[in-house]
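Below is one structure; the comments refer to it alone.
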Amino acid sequence: MVGMKEVAKRAGVSVSTVSNVLNNKKNVGPETRERVLKVCRELNYQPNAAGRLLKSGRSDTILFNFSDFDRSFYLKIINGVYDYLKDNGYDLIICTDKSCEKYMTGKLTSGSIILDRKMKTETLVRIAGEHYPIVVLDRIIDNPYIKSVVVNNYEPMYELVQGLVDRGYRRFGFVGGPEDTADNQERFKAFSDCLTANGIGFQQKFYFAGNYREKSGATAAKILMLSNELPDCLVCANDNMAIGAIKTFMQNGIRVPEDIAVTGFDDCDLAEAMGLTTVSIPNYERGYLAARYLIENIRGQRNVEPFKISANIKWRETVLDKRAGR
């Protein structure tokens, strides 16, 4: 097997210089760094991660934590995280639920990216520190070692609902996600505020608490059909629930959008195929930014100001323009 000595000999540098390059130290010039990396590629040299850990006492590995396998947008976020980490010499491990806490230590990972509402804020505050920064994607935490990269939920949801009102819709239903999540709270507040601003009342019987999964959207649709009283438009707090509602309506002879319009939030892969009007979140970029901010904080470039990701509306076939002559 090729070792560090062979890399150093081929590149014409010392072993310590090779080590500094592989550990992203700043005391190596750009030309030397590139020469060493080129030799590593030519020799297919893979550093021994365990050896680096024992020598340095720290890990060049990042932990990504999430818990809901039913939501396809996670894969795009993971791809963004992975691409940035790969380009910057870090490894990635993915962990779920409570088991991840045992890996959140500087001797196993250098920092964490968290997208799991089950991970308590108190736990994150306790773990985060100068030598163990954290990035959260599902909430804003005021802490000097935690960076929040969150979706701007309010403005795009408000814009979506205003667009529905402008298209002639007046009777609305809403399928929300878990009521304790920041995403759902912001999306419903924007929905409510927009209706109030337009002088449109909302009937509580048309509110359904879901869990962001397709089945809960299907359940909301079934309950609506039992009441024999459909709203003009069903606004869903994510695409999975919207897709569940659409499938259920169609299976029971209710036309979308002729009998009821349906909207989502996320722009998952299936949304475009189903013609779903939704809010599009750049999830690959979301993951890429999360990884970038985390590595910057690991390297001492302290930045914990919350960052809100903008989103835009995709108007598609599940909504009609009901205004006369259009």
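The values are calculated or read from the model by the stated rules, or taken from the named source; none is laboratory data. Just so you know, these numbers come straight off a predicted model, no measurement behind them. As a convention, Cβ positions derive from the backbone with ideal geometry for all residues, glycine included, and neighbour counts pool all protein chains shown.
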Notebook entry, point to check: Which of the residues belonging to segment 215-263 are surrounded by fewer than 23 Cβ atoms within 10 Å (Cβ to Cβ), touching a helix residue (DSSP H, G or I) at 6+ places or on another chain (Cβ under 9 Å) and among the acidic types (Asp, Glu)?
Noted result: GLU229, ASP232, ASP259
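Report whether or not VAL175 is in contact (Cβ under 8 Å) with a residue 24 or more places away in the chain and assigned to a strand (DSSP E or B). It would help to see each step written out before you state the result.
Numbers: in contact (Cβ under 8 Å) with a residue 24 or more places away in the chain: yes; assigned to a strand (DSSP E or B): yes.
The answer is yes for VAL175.
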Check: Being surrounded by 22 or more Cβ atoms within 10 Å (Cβ to Cβ), in a loop (DSSP other than H, G, I, E, B), polar (S, T, N, Q) and over 18 Å from the mean Cα position of the chain (by Cα), is that true of even one residue in segment 98-109?
Finding: yes
Next item on the list: Could you list all residues from segment 110-126 that are buried (at least 18 other Cβ atoms within 10 Å of the Cβ) and assigned to a helix (DSSP H, G or I)?
Entry: LEU124
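Looking at VAL28, VAL13, can you tell me which residue is outside the structural domain of ASP91 (by TED's automatic domain parsing), in a loop (DSSP other than H, G, I, E, B), among the hydrophobic types (A, V, I, L, M, F, W, C) and over 22 Å from TYR90 (Cβ atoms)?
Values: VAL28 fails: over 22 Å from TYR90 (Cβ atoms).
When all the criteria are applied, what remains is VAL13.
For every residue, the table says whether it meets (1) assigned to a helix (DSSP H, G or I); (2) within 30 Å of ILE62 (Cα to Cα); (3) among the small types (Gly, Ala, Ser).
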site: TYR212; (1), (2), (3): no, yes, no
site: LYS215; (1), (2), (3): yes, no, no
site: LYS222; (1), (2), (3): yes, no, no
site: LEU230; (1), (2), (3): no, no, no
site: GLY253; (1), (2), (3): no, no, yes
site: ASP259; (1), (2), (3): no, no, no
site: LEU289; (1), (2), (3): yes, yes, no
site: ARG292; (1), (2), (3): yes, yes, no
Next item on the list: Among the residues of segment 243-301, write down those that are over 21 Å from ARG187 (Cα atoms), charged (D, E, K, R) and in contact with a Leu (Cβ under 8 Å, 6 or more places away or on another chain).
Entry: GLU258, ASP259
Next item on the list: Identify, from the list ASP142, ASP138, the residue that is part of a loop (DSSP other than H, G, I, E, B), touching a Lys or Arg at 6+ places or on another chain (Cβ under 6 Å) and either surrounded by fewer than 23 Cβ atoms within 10 Å (Cβ to Cβ) or in contact (Cβ under 8 Å) with a residue 12 or more places away in the chain (or both).
Entry: ASP138
